[in-house]
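Here the structure is laid out as structure tokens; the discussion comes afterwards.
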Amino acid sequence: MDSSAFLTPGVFVTHPDRPDWGRGQVQSNIGGRVTVNFEEAGKVVIDATRILLIPVTP
């Protein structure tokens, strides 16, 4: 099963190694490349096969 399947647009996440980025909202997930708009870092593209983003409640 694809571990990034839950990363659909609108889902809120945090980056496990960058808590300073704050909460982010998934913008897109195309082939495991997830674009997330973080509160403190802006839009970041993340390889979800290498980084396990942590879901959070809004």
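Laid out as a table, the results:
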read-out	value
Positions within segment 20-38 being on the phi < 0 side of the Ramachandran plot and surrounded by fewer than 11 Cβ atoms within 10 Å (Cβ to Cβ), in sequence order	D20, I30
Hits in segment 1-31 (condition: in contact with a helix residue (DSSP H, G or I) (Cβ under 9 Å, 6 or more places away or on another chain) and either among the β-branched types (V, I, T) or farther than 12 Å from I54 by Cβ (or both))	T14
Qualifying positions in segment 9-42 - in a strand (DSSP E or B) and over 10 Å from the mean Cα position of the chain (by Cα)	I30, G42
Qualifying position, being loosely packed, with under 11 Cβ neighbours inside 10 Å, touching a strand residue (DSSP E or B) at 6+ places or on another chain (Cβ under 9 Å) and at negative phi, among P16, P55	P16
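A short reminder: the numbers here are calculations on the coordinates, not readings from a lab. Values in this document were obtained by computation on a predicted structure and should not be read as measured data. Every residue, glycine as well, gets a Cβ built from its backbone with ideal geometry; the counts of neighbours run over all protein chains shown.
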